[in-house]
Every structure is written in C-alpha cells, then in structure tokens.
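Okay, so here's the structure we're looking at.
No lab work stands behind these numbers, since they all come straight from the coordinates. Note that the coordinates shown come from a computational prediction; the quantities given were computed from them, not determined experimentally. Positions of Cβ are backbone-derived with ideal geometry, glycine not excepted, and every protein chain shown enters the neighbour counts.
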Amino acid sequence: MLALKNVEVVYHDVILVLRGISLQVPDGAIVALLGANGAGKTTTLRAISGILDVQNGKMTKGEVTLDGQRIDHLSASKIVKLGVSQALEGRRVLAELTVEENLRLGAHTNRRRLGENMDRVYGLFPDLKQRPKFIAGYLSGGQQQMLAIGRALMSAPRYLLLDEPSLGLAPMLVQEIRDIIVEINRQGTGVLLVEQNAGMALTVSSHGYILETGKMVMDKASAELLKDEDVREFYLGLHSGGDQIRSFAEVKQYRRKKRWLS
Amino acid sequence: MRALRLHEVLPAGGESGRVILEVEDVHLSFAGVKAVDGVSFRVHTNELFAIIGPNGAGKTSIFNCISGVYRPQQGSIRFQGRDLLGVRPDRIAGLGIARTFQNIELFPQMTVLDNLMLGRHQHLNYGTLAAIARVGKASREEARNREVVEGIVEFLGLQPVRKSYVSMLPYGLQKRVELGRALAMAPQLLMLDEPVAGMNLEETEDMARFIHDIRWELGIGIILVEHEMRMVMDLADTVFALDFGRPIAVGTPSEIQNNPDVIRAYLGEEHGTAPAGGGAA
Amino acid sequence: MSLLQALLNGIALAAVYSLLAMGFVIIYKSMQVLSFAQPALMLFGGWWVVYFATTVSLNFYLAVLIAVVIAAATGLVIERVFLRPMVGKPVFAVAIMTIGLDLSIRVFAGNFYDVSPRSTGDPWGLNTFVFFGRLVINHRRVAAIVVAVAVLLGLLAFFRYSRMGLAMRAAAFDQEVALIQGVSVAAVFAISWALASVLATLASLFINPDLGSLAPTNYVLALKALPVVVIGGLDSIGGALVAALLVGIAEALTGTYQSHLTPYVGQNFSQVVPYLVMFVVLLVRPYGLFGTREVERV
Amino acid sequence: MRLRPGLVTDYRSDAGIFKSVTQRVWFVLLIVVAVYLGGGGSLGPVKFSPDIMILLVYALFASIGALGLNIITGMGGQISLGHAFFLGLGAYTAAILGGVEQTRAGAGGVTEVVIRGYGLDMLIWLPAAGIVAALAGLIVAPVATRLRGLYLAFVTVGLVFLGEHIFREAKTLTGGAGNGRPTAEHRMLGFRFDEGGEVFGLYLSKAQKLFFLALILLLVMGLAAKNLFRSRVGRALAAIRDRDIAAEMMGIPLARYKLIAFVISSFYAGIAGALFWAVVGRLTAEGFNFLLSIKYVAMILIGGVATVSGSIMGAFFITFLPKVVEWLASLPGLADYITKDPSGMINTFQLEQILFGLFIVGFLILEPMGLYGIWIRVRNYWKGWPFSY
C-alpha cells in the first residue's frame, strides 16, 4: 500500500499548497485524485515521487509510506527503484530522442530486465512497437501520451502515478487511454490517477479523492462520487439545482456594503 | 474621506456595445501541433466575454496571439479597427490591451506600488534625461500617476500591502495585484487568464466582484479565461467554448450550459455509465 | 605559404578548439551553466602532464593517463563543492561564479609553472615535419586532429549507446523527466564537469602545436573556444564542431595572409578573428548557428 | 511636518531619495566622514599617508565605474563583461584630448608626431570621454540588445579582446603596448588638481584636491543613478531583468531600454576611465584586459547588485584589497610564504587574484546581496535592538 499521511507542502517557503492531506492506494487498485486547477494534485504526485525540490517546494509535515516504510526522505531515483513510477503531466516525451531511447531511459533503474519490460510495453502499445526508431517529437499527441506511460512502466513499477493522461486528447483517445489504464492495472500495477476529466477518472477507479485548495474535501467510492450532486456540479460542470447557490453576480453587493461599513 | 470610484481615476470604455476586438479565422501551430485552429470571435465594449475549454484547448494561446507574443500563421486580429498581426507586444499594450497571466507574472522584487507604477509606464511622459535630473516634469508626472495608482490600490483594497514586496504576499493577493497592474495600464480591453485559479471561495468572490465592478464602472471589454464554471456562467455575457484549439460553441451562458458538444468536451463521452469493471478491485 | 598549408593548420586548430568547446557544451547542456573555468582547467590538467612526463619522466602516454584521472577528479570536486550550492540560482550568477573559479584555479595552477613555457613531453618527435612538396606537416597537428576525431566518436558512442550517456542526454532536454525516471541528476552534473575537465586536459597537449609547450598565458588561446561555442550555439555539439572548423580556418587564413593584404589592422590580428566572426554571426543569428531558440511561455 | 518626521503627506516626498530622517542623517554623516577623510592630511588627529589618500581617490573614481556597470548589469540584468573596453575608451579619449603631444625630429627637420595629444581642458576631455564611450555603446548595442543572457556576456568578452587589440595597434593615439602614452591632466579652467596648493586659504595636497573632486563627481553621478533607478526608466529596466516577456506586455519596448542602459552604463565607464587613469598618469593597452572587467564585476557582486551604495562599497573593497594583501604579507607568520617576487610559495599579486576569485565565489554562494545585504541585515538587527532575537 502506498499511503500519504497528513502531508503538508510549502513552495518557496511561503506558499502553502497542501494543507495536510492523506490518501491511500491499495495494492493493485486504481485510485482517482480529482480537483480543480491549482488544487494541489500535481504537488501531491511530486511529493510522492520526491521531486518537490525542483520547483523549490518542501514537505513540511506528514509522511509518505510504501508498505509502511517511509519514503519521503529518499531521492527520486531511490523511489523509482522501490517501485513507484510517474508519468508527468503534459506527456513530456523527450522530443529529440527516438521512441526506443525514451523507453530505455525509463529502464534507467532497472536495466537487467530491459528486454522483458520493453516487450511488455510494446505489447500494451502496438503503435509504438511499429516505430522504435521514430523521433518521439513527431508522434501524435495520443502516441506521445502512450510513450510517456510506457516509459514510466519500463521500471516495472508496483505503483504507477499518472498526471492528467487525458489532457488535451480527443475523446476517442481518452477512451483508449482509459482502457490501457485498466489493462495495466489488470497486469497487477496499482494506479494513482490524477485527472481534470472527472468522468473518465471515476469510471475506471474504485475509489476517489477530491482535493480543493490543498485540502481533501471528499473521499468516497467512485460510484458514490459519480452520483454526488456537488461533484456533478463542480467537477462535471453541471448546474443542477442552480438557485440555492449564491450567484457571483449577486453576491457582490452584499460584500461591498460590508466592506464600506467595516 | 469619500471612497474613490474606479472611473474617476481611469478612462471609461466609451459607447457601449461597439466592437473593439475582432478575431478572424486564426490558426496557430507549433512544429505541426495545432494550438489554435480556425478561431473567430468579436468582443464589444462593456461586454464580458468568457472563453472556456479543457486544459490545452488553446485559450492562453489566443491571449498570446492577441498580445503579440505569438504570431498566428493565418487569420487576422483587429483591435479598434487596427490590425495587430506583426505588431510588437509593447505597442499592442500601448494601444490599450492589458492582461493578467495564468502563472502570475508580477515582478517579485518590487513593491506592490512599483508593480502598479510599471503598469503606468506608457502614461508617464518624461524622458531618460529628465529621469536622471528628476526636476520638474519627471517629478510631476510621477506624482500625477501615483494618484491614479493609489486610486486602484483603494479600489482593490490593497492599502495595507502597498509597500510590501510582492514576493511576500499570499497567492490570492498576488493575483489581485496583477489585476491592479493590468488596470493601471488604463486598458480598453482587459484579458484575464484564470484570475481565480487556485483561490478559495472568499477570494473567488472578491475577484468576481472586482471584475463585475470594473466592467460596470469602466465599460471596457473584458475577455475572461477561466475554469471556475460557476463564475463564468454568472458573470459572462457571452461564452465561447473551445476544444483542441477548435471552436465548438458560442452563446449566452445558458445556451452553452445546455449545448451537448460542450457537455461532451468536459465530461468525456461516457459520463453517466456505470464504472467499468476492471478498475474496481 | 600555401593555401593548403593554411587550411591544414586551420583544421588542426579547429581540433583543439573543438576539444575545449565540447567541454563547454556538455556542461551547458547538462546544467545550463556556462563555464568560464575551461581555460583554467586546461592549464591545471596540462600541468600534470608536464609534471609526470618531464619532471617525473614517466612514459608520455602514462603521464597523460594519470593527468586525465586527476583532471576528472578535479572536475568532480569542483562541481560538488562550488557548483552544487548554486543549483537554482540565476544563470548569470553561476556564470560569474565560474569566472571566480577560473581566476582562482588559474593562479593556483599558474603557480606550478616556471616563467618559461614548460614542455608537455614529446612522443611524436618535437618538430618532426613531413614535407609534401611545399606542404609542411607537423606531427603534433596531425595528432591533434586524430585525437579530436577519436574523442568525438567516443563521445558520440557514449551518448548514444551507454545508459549514463542516455541519462545525460535526457537530463539535458528535460531535467524533471530524467529525475522522474530515476536518473540521478547530481551524478549527471558531476560527470559533465569531469568530462569537461578531461577534454580540456587533452586540449592542453595541442594548444601550442609548434612548440608543444604550455604556459599560464596560454589561457588566452583557450578562451577563444568561447566564441567558438557561441557561434555554434551554446547547446549544440554539432554546432560547436562546425564553428570550430569555421573559426580555426578563418584564424589560420588570416594569420597567413593578413599581414600582406591588410597590414594596417595590426599584428596578431588573427587572434581577434574568432571574436569578429562571433559578432558577425550573432548579428545575423542571435542564438548562434545551431543554437536552440528559447521558446517563451507565459 | 518637521515634528512628525515619519509622516509623508504627498506622493512626491514619498517617492523621495531619502525616505526617512534616519536616512538623511546617515547621508550627512557619510559626507562629514568623507570630508574628514579628505582632510586626512591636515585636519584630523590621524594622518593618512599619501598612498592611502591616492587609494581613496582611486576608490571614488572606481565607484563611478562600478555604478555604470550596476546600471546595465544590476539594474538591467544584462551581463556585461566588457566594462574594461568602455573604461579604456574613456581613458584614451581623455588622454588624446587632454594629454600632451609627443614629437620627435623626423627626416629633413620635420617634426613628426609620435603620439597625438591636444592638451585641452578637463571641461572638454571629461564629458568627451563619457560621450565617446556612450557612442561606442550605442554602436555595439544593436548586437547586444538582440541577445539574451549568456550570449551577451560573450559578446562583451569579445569586445574586451577587440578593444585590447585596437589599443595596442593604434599607436599614434595610444602609444601601443608596453610604453603606452601620457594621460590627460586634471586641470580645469587653470585650476590644477594634480599638484598641491592653497584652496580658500587652506593648503591641500594633490591627493586631497583630487579626493574632493572625486567626491563631488561621485555625488553628482550617484544622485543621477539613484534618480534613474527610481524613475520609469529604472522600473522598466528592473522589469526587463526580472521578466522580460511580461515587461513587454506592460508596454515596455525591450530593445530601446536595453539600449538606454547600455549607453548610460558606457557613459559612466568612460567618465570613470578618464578620471582614474589621469591619476595613474600612464596608459598602456594591457591595462584594459578581461581581468579589469572581472574586477568591476567583482565590485558590484561584492558590494551589492542594483544599489548605489553597494557599488561604492564594492569599489572601496576591491581598491583596498591589494593593501590588505600587502598587510597580510607583512605579518610575521605569513611573510615567508607571501612574497613580492615569484620565488615564494605565492606572490602578492597571485594572492590578490585568488582572493578576487574566492570573494566572487563566496559572495555568490553565501551572500548574494553582497556587502549591501550584510549592511541591511546589520541595520535591521539594530533597528529591533534590544528586542532583536
């Protein structure tokens, strides 16, 4: 089990991004982490992977554990070796390198079983198998996303962290990516899926967390979340009842008066 | 002391409902990847025009095209009748287009006041030699523009932090300062790139009120890019929905909310179906 | 002197420049730092060759080998002690700090040298020339070209096929991606400095092809690798090679013909030719011939 | 309003140079100390030796040069390693206009000019030195302003080497390398700064006269720089330094402001070069090398980037460094290791260079704001006294 307990993250010593969040990814499960832009989803993944310092961030409280062992003080490369691998937001394939080189990089910490893992990845992504010498930058968006996921799989991780894999992809491709996530999970890898596309994320995951400005506000089975009115309104973008919620256009006068009086 | 109203320090947008920005069939791509693909729209004075769409849909790219940071390969952008393509960003700013940025682009080593004074750059009429001597004109101009800036400080409720360094301010206040800096430019068109991203409800409400007031007091055109749907739907006159750089719908907030294409772009195709089996362990 | 002779000298010069320039580019690509300390590292590494080859009278190749090991270690230490604390600081600050390093190392290394230039040892037979008609071929120049080509091929193979080479390339393109795949970026930085230091040491063997000697003032010669790197574009190894050839040949041609054709621009004009070429190139292409233009995102 | 010194009532005084009474008091105190130092030979209880007085003069002139570098590098964020070139241009322009001509008898009784010199007044050579350097800056700027960051640093390195070449080769103007040429004379409207004499009934030595000249010039140029820093130009430069793309979208034309910074910086360098080397008395081409540029970079780094007082502190620090090294060399325990000739383990010149290097490295790692930063911290500490920590 990969677990975060009461994690607090501060950027540049002043900006508090995570205000004590906890979440758990059980072995072999898919867990979704949802939330608006800037809520701290990516920061959560960074904290797990140990790459906060790149952006001048620091974990000031809490712990990240893997099977009960703390991993939050370890280097990024150690964490990968222990079996937690991440595909970053925005694909981030190395555009100048070939498909195969990108995958070989993924195997940096796990070189001995390079062939085996490469076969597994090519099995998941037949598109990539057809063009190992292709320059990654010329792949289509969907293929790049597959390469990014494949690269993360090259270390044969027990837990795969995916940051917005559906970002900027056509609905059809989103579905394809979704199926792949299911397949990866079927092969035995736990997945922590961070998504804006709540619809997609909640249909594959067993459990979902919702993060809002650095705090976990909801923590329920995915099926329940899908039915939740608030989730439908805020994360699926549907106005439901509408009227009982204050409109931003109306709220102003009240606030304004308050301000003049104070 | 009577509270200053914004229009007492800044020029108004002029007659309501006049077209100020025309974007026509703009195409922009980076190394073959299409970021903006055939986008057209018009913004009027006294209009709050919202652009929505998933991440990577090309919203910020449209701002960058209007600001002159990117040059679209095809199409035209006209501001108050003037073609903007190929015009340098600083000139475009001078024509009366101001913006805020998705990831705050304030000058962190300067005070709030200095950041706002930077917004007044084009309104400070004195040369380098006058700046060095600092007599007469330079001094007068600094004082005159400082008054405008103080008006904006008051409007945005920034008085307590006027002389604080921006880097020391919390995120929500920084966003507000950035809005102030854009206002200080006395724009005819204001472009706001995710002004409430990462804000809590109270900060979001404050920001909504500022945007609302700016629009009613100044009557300038405002383009708003935002993910916070509630705010967009409450404030906007017109909503323009984009997906993968392509326009999918334009209309009033209620029209957009009920547009099936828009719903699909946000929800993914299978929303509503039961969770697929594989994931549930 | 013939045109052919000038060309040959130019190519030999290009070989030396390319050895130094590759060090700059490797460091720049891996950590976006421009190292002004290359000339100092050249003097430092070169001195150990001098020491082991002439003072201790070891076999020349053995001397070079030991010097290379010492140079690599020096590179590692410098990176660890001075550069590591600067990670995340503005590039400007880091560049200036390498100037400070350059000064300190240079004085330190320069202190080993005597007033007179020191020989780096002479396995190729000092001043062995072969005559082809009027063409004079200096063995040391030939060696420079051979070594540079060999080192280049070796580096290319390293970057293409080895695990660490790939990791270094990945870190150069996207540090965060490298990190997330388990690459130790700190190791990448350290290896870059070690490599650059070794390359500078090799360059020291050929910096004075006719005399085969080394003196503290030679840093001025080594500094000319800077315009070479800039002309090529800071982050392009291929660009550095093309620029090295361009500058090497331009300098050799000027050295050969300028005193007859344009005596009024003064003696030693060829020494400033690399800088002039740099001005012209940057006027036309602000990011050098093959440099990557920074893509702005706001 | 005098009664409530902390209160400002209009925007003009709020934007003033010295915002608080404390700052004003400090400034006056500094001037008093400066005058005292200048009077060091005759007024105070401590008598400064003439070479210390000359070092003070050098430090003041160097401060003007450091200010210039701080305008382009500190304020504008454009790394210039070419300051030596502009200093040199100023020095040579002054020398040519204000220096004496050297002739020799040529063939057939015709006198040949070996080195040109027009012996003009300081009122002419001083501004001319600044203007020529500024013009050179104007010529280089079109290349420079297109470049960003490190590329600019390199171009300016190139400038130093080209400059050195020109200074070596244009022999009738510069005297070439080695021997060099005589410099301009500090002589204004008949008043000689370069020899001792009575001023208002007070005997002042050459060094003292130069000291007060330098002090006044530094005050004027420091004030100008300070004004510049707090004007729209200064803000625009700082904006370009911190975020150039955003600055452009605030309506700031990047190229124009980089050019302005380059020209003003060169002007300061020209003035500083002219004044400094006129005190030295001899100009040789070797003086304007890369090391000189680095010295100036060290001044602003050690003193404090983008501040007027930092420039001055840094200039004093670097100018007095050789003196410190000399003193080190005289210490009984160290005297055997540090010598003036190459025979010892390390000679004073080398030690000085190593110290330069280490100071640059050390300040960058440990105190990026330089002496100015240290000063601010000390001040803040005492502000809170006795409640500090």
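Things worth noting here:
- Nonlocal amide H pairs with A:Leu18, under 5 Å, H built at 1.01 Å: A:Val9
- For D:Trp327, D:Trp125, D:Trp375, order by how many other beta-carbon atoms lie within 10 Å, fewest first: D:Trp327, D:Trp375, D:Trp125
- In Hz, Karplus ³J(HN,Hα) per residue of the range D:73-83 (6.51, -1.76, 1.60; θ = phi - 60°; x = Gly, Pro): 8, x, 7, x, x, 9, 6, 10, 10, x, 4
- The C-alpha atoms of chain B define a longest principal axis, and helix B:201-218 lies at about 70 degrees to it.
- The charge dipole of chain B, taken about its Cα centre with unit charges on the Cβ atoms of Lys, Arg (+1), Asp and Glu (-1) only, comes to about 1160 debye.
- Under a 5 Å amide H cut-off, with hydrogens placed 1.01 Å from N, B:Glu226 pairs with B:Ile51, B:Glu194 among residues at least 5 apart or on other chains.
- Residue among C:Gly255, C:Gly233, C:Gly288 with the largest mean-square fluctuation in a Gaussian network model of chain C, springs linking Cα atoms under 10 Å: C:Gly255
- Prolate/oblate/rounded call for chain D, Cα gyration tensor, a/c under 1.5 rounded: rounded
- Estimated 222 nm signal from helices in chain A, with DSSP H stretches of n ≥ 4 weighted -39500 (n - 2.57), rounded to 500: -11000 deg cm²/dmol
- The region of chain C that goes longest without hitting one of the trypsin sites (Lys or Arg not before Pro) in a DSSP loop, each with at most 12 other Cβ atoms within 10 Å, is C:135-292.
- With the charge dipole of the protein assembly as shown set up from +1 on Lys and Arg Cβ and -1 on Asp and Glu Cβ about the Cα centre, the Cα lying farthest toward the positive end among the listed residues D:Phe290, A:Tyr138, B:Ala98 is that of D:Phe290.
- Beta bridge orientation in the range A:2-227: antiparallel %, DSSP, nearest 5: 55 percent
- Averaged over the residues of peptide A:75-88, the number of Cβ atoms from other protein chains lying within 10 Å of each residue's Cβ is 4.
- A:Ile135/B:Lys137 FRET efficiency (R0 41 Å; Cβ-Cβ; nearest 0.05): 0.10
- Span-like helix check, chain C: qualifying full DSSP H segments, with Cα axial length of 20 Å or more and mean Kyte-Doolittle of 0.0 or more, are C:3-31, C:60-78, C:91-110, C:139-161, C:185-204, C:237-261.
- For chain C, built as a Gaussian network whose Cα springs stay under 10 Å, the top-fluctuating residue of C:Ala72, C:Ala150, C:Ala15: C:Ala150
- Between D:Glu195 and A:Ser22, the simple label model (points 7 Å from Cα in the Cβ direction) yields a spacing of 9.0 nm.
- Across chain B, the mean sequence separation of Cα contacts (distance under 8 Å, 6 or more residues apart), normalised by length, yields a relative contact order of 28 percent.
- Extending 7 Å from Cα along the Cβ direction at D:Trp26 and again at A:Lys58 yields two label points whose distance is 2.8 nm.
- Among beta bridges that DSSP assigns inside the protein assembly as shown, antiparallel share in %, nearest 5: 65 percent
- Per residue, chain B reaches -10500 deg cm²/dmol at 222 nm when only DSSP H runs of four or more residues are counted, each adding -39500 (n - 2.57).
- Farthest positive-ward along the range A:161-201 dipole, Cα basis, beta-carbon charges - from A:Met172, A:Gly199, A:Asn185: A:Asn185
- When the Gaussian network model of chain D links Cα atoms closer than 10 Å, the mean-square fluctuations of D:Asp194, D:Asp14, D:Asp244 top out at D:Asp14.
- Split chain C at each of the GluC sites (Glu not before Pro) in a DSSP loop with at most 13 other beta carbon atoms within 10 Å, and the longest piece is C:1-293.
- Shielding of peptide C:277-286 by partners, expressed as the average count of other chain Cβ atoms within 10 Å per residue Cβ, is 4.
- Helix-only [θ]222 nm of chain D, DSSP H runs n ≥ 4, -39500 (n - 2.57) each, per residue, nearest 500: -21000 deg cm²/dmol
- For the range D:53-288, the relative contact order works out to 40 percent when only alpha carbon pairs closer than 8 Å and six or more residues apart are counted.
- Dipole magnitude for the protein assembly as shown: computed about the Cα centre from +1 point charges on Lys and Arg Cβ and -1 point charges on Asp and Glu Cβ, it is near 2120 debye.
- Spatially proximal aspartates and glutamates relative to D:Lys209 (Cα-Cα < 12 Å; intrachain offsets below 8 disregarded): D:Asp194, D:Glu195, D:Glu198
- Summed residue charge, Cβ within 9 Å of B:Phe49's Cβ, Lys/Arg positive, Asp/Glu negative: -1
- Each other residue within a Cβ distance under 11 Å of B:Gly127 adds +1 if Lys or Arg and -1 if Asp or Glu, for a net charge of +1.
- Overall, chain C carries a charge dipole of about 240 debye about its Cα centre when +1 sits on the Cβ of Lys and Arg and -1 on the Cβ of Asp and Glu, all other atoms neutral.
- Overall form of the protein assembly as shown per C-alpha gyration tensor (a/c, 1.5; a/b vs b/c): oblate
- Among the listed pairs A:Lys41/A:Lys78; A:Lys129/B:Lys59; A:Lys227/B:Lys34, those beyond 29 Å (Cα-Cα): A:Lys129/B:Lys59; A:Lys227/B:Lys34
- Normalised contact order of chain A, rounded percent, pairs of Cα under 8 Å and 6 or more residues apart: 25 percent
- Per residue of D:141-151, other chain Cβ atoms within 10 Å of the residue Cβ number 5 on average.
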